1. Go through (1) exposed (fewer than 12 other Cβ atoms within 10 Å of the Cβ); (2) charged (D, E, K, R); (3) within 15 Å of the chain's Cα centre (by Cα) one by one and return the number of the condition GLU49 breaks.
2. I'd like to check something: does segment 105-120 contain any residue that is crowded, with 18+ Cβ neighbours inside 10 Å, at pLDDT below 95 and away from the ligand (no atom under 11 Å from the Cβ)?
3. What residue, among those in segment 152-173 that are free of Cβ contacts under 8 Å to residues at least 60 places away in the same chain and within 13 Å of the ligand (Cβ to nearest atom), is nearest to the chain's Cα centre (by Cα)?
4. Could you grab me the full set of residues in segment 185-195 that are within 12 Å of the ligand (Cβ to nearest atom) and either loosely packed, with under 15 Cβ neighbours inside 10 Å or not hydrophobic (A, V, I, L, M, F, W, C) (or both)?
5. Looking at GLU140, GLU198 in this structure, which one is under 21 Å from the mean Cα position of the chain (by Cα), more than 10 Å from the ligand (Cβ to nearest atom) and loosely packed, with under 12 Cβ neighbours inside 10 Å?
6. Which members of segment 56-81 meet the condition of being in contact (Cβ under 8 Å) with a residue 40 or more places away in the chain, among the aliphatic types (A, V, I, L, M), outside any strand (DSSP E or B) and more than 16 Å from the ligand (Cβ to nearest atom)?
7. More than 16 Å from the ligand (Cβ to nearest atom), under 17 Å from LEU191 (Cβ atoms), out of contact with any Gly (no Cβ under 6 Å at 6 or more places or on another chain) and at pLDDT 95 or above - does that describe any residue in segment 82-99?
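The values are calculated or read from the model by the stated rules, or taken from the named source; none is laboratory data. These figures come from a predicted structure and were not determined experimentally. Methodologically, a virtual Cβ is constructed for each residue, glycine included, from the backbone with ideal geometry; neighbour enumeration extends over all protein chains shown.
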Amino acid sequence: MTEQHPVASLNAKPPVFDAAFQQKLAELIAWRRDVRRFKPDAVDPALIEHLLDLAQLSPSVGNSQPWRWVSVDSPAMRARIRDNFVRCNETAASAYHGKRAELYSQLKLEGIDVAPRQFALFCDRATPQGLGVGRQTMPEALDYSVVTMIETFWLAARALGLGVGWVSILDPETATADLDVPGDWKFIAYLCVGWPVEEHVDPELVRFNWQDRTSVGRGVLYR
Ligand SMILES: Cc1cc2nc3c(=O)[nH]c(=O)nc-3n(C[C@H](O)[C@H](O)[C@H](O)COP(=O)(O)O)c2cc1C
């Protein structure tokens, strides 16, 4: 049986991305948010399948496509991930003092209790796909490939009105053991996905006076 590739349903002619599309794309990038406040409403599984198809088109070192998805569905597994977060967040909070500690305690840094869909993302460090191209001196290029895929997923989800929240306040070894995945899979990210309660053009951490956006990364060194 021939595998149905999502590209097959797309126009074979190169599209024209006109000025209106370019403006919309800029708005999509500006309005993508890390979401932690979700409505409990279910997400049509067909939407998730569509997003997974689009994410499959992401760049990857050697075309290795090393991302591996684990849909975390059972209440018991979600409770384990949530406990993992709570433990790690307590440790993280203890690194701050005074007003910063007070501010930290007010931040909402995950949506695990409510997000209707949750995924752990792994990198298959042992994948033969790509035949090693591009990763002999930098094996971490495989991990970066998973991250580029996540950004594709994130933007595509936002275009559908879905929110994505990235949770990294987790002990990766505990999460990996709990999720019982193959030994060569490296934990990369935990994503909460669902319909956002609110929409904002500015990041939550800016709104809660934790960290403004700055121009630090905007500069370019020329050599
Ligand atoms: C690698 C990575 C890890 C992140 N981990 C967390 C996290 O554990 N908790 C959280 O609330 N946000 C997390 N975020 C989201 C950032 O806080 C967020 O991207 C940043 O504040 C800018 O906000 P915006 O994504 O809405 O533009 C993470 C983002 C990235 C890229």
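1. Only one criterion is unmet by GLU49, namely (3).
2. No: segment 105-120 contains no residue that is crowded, with 18+ Cβ neighbours inside 10 Å, at pLDDT below 95 and away from the ligand (no atom under 11 Å from the Cβ).
3. As a first pass, look at segment 152-173 and keep what is free of Cβ contacts under 8 Å to residues at least 60 places away in the same chain: 161, 168, 172-173.
Applying the additional criterion that residues be within 13 Å of the ligand (Cβ to nearest atom) yields 168, 172.
Details: SER168: 10, PRO172: 15 Å.
So the residue we want is SER168.
4. Of everything in segment 185-195, just one residue is within 12 Å of the ligand (Cβ to nearest atom) and either loosely packed, with under 15 Cβ neighbours inside 10 Å or not hydrophobic (A, V, I, L, M, F, W, C) (or both), namely TYR190.
5. None of the others qualify; the one that does is GLU198.
6. Within segment 56-81, LEU57, VAL61, MET77 qualify.
7. no
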